[in-house]
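The values are calculated or read from the model by the stated rules, or taken from the named source; none is laboratory data. Because the structure is predicted, anything quoted here is derived from the model rather than measured. Only protein heavy atoms, including side chains, enter the accessible area calculation; ligands, DNA and RNA are left aside. Shrake-Rupley method; radii C 1.70, N 1.55, O 1.52, S 1.80 Å.
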Amino acid sequence: MTNDTKDLMNGQAALAMDDALEGARRATGNASSIAPPDPEVVATARRRQFSSSDRRRILALADGCTKAGEIGALLRREGIYSSLLATWRKKRAAIEQAALEPQKRGRKADPALAEARRLEQLTRENDRLRRQLAQAHTIIDVQKKVCMLLGQLTDDTPDGRS
């Protein structure tokens with residue numbers, strides 16, 4: 001083989017390699033042969049929430065049911081369970097009971113102000129007790145000194161006589 005033949009073969013190999021790379025680039029760059037992704041988003045399950053007006057309406061309809069099977073038909077039509085209906089009835093009864101309770105009249109207590117008053121009261125009581133303790137210590141000291149002046153022994157003496 002001559003140098004010209006080798007150069008020709010190397011050139012052809014290089015062209016073949018370039019064509020293969022170009023084909024690969026075209027395959028990845030051109031996505032027309034690949035199906036586009038599905039834009040549909042899968043819905044996640046969410047708990048239904050009923051407004052207070054819907055609850056009242058359903059409870060009123062349920063209270064109006066007198067014949068056998070009417071409540072079941074109502075529950076199927078609204079898509080709810082009987083336990084939810086029972087829970088709503090209990091809440092309604094609790095709210096009605098709370099509305100009938102006597103309410104405390106006057107201003108509502110301010111928790112910060114009540115806490116400040118309680119702290120002030122405890123501080124005054126603490127000061128009073130400290131004064132009483134100091135007075136008691138003074139009285140005890142005077143009694144000890146009187147006993148020592150009169151010559152009587154106290155319990156604090158080392159020999160233990162009274």
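The table for this structure:
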quantity: Percent accessible area from carbon and sulfur atoms, region 88-148, protein chains only, probe 1.4 Å; calculated: 58 percent
quantity: Residue-wise HN-Hα coupling along region 119-134, computed from phi with Karplus coefficients 6.51, -1.76, 1.60 (Hz; x: Gly, Pro); calculated: 5, 5, 5, 5, 5, 4, 5, 5, 4, 4, 5, 5, 5, 4, 5, 4
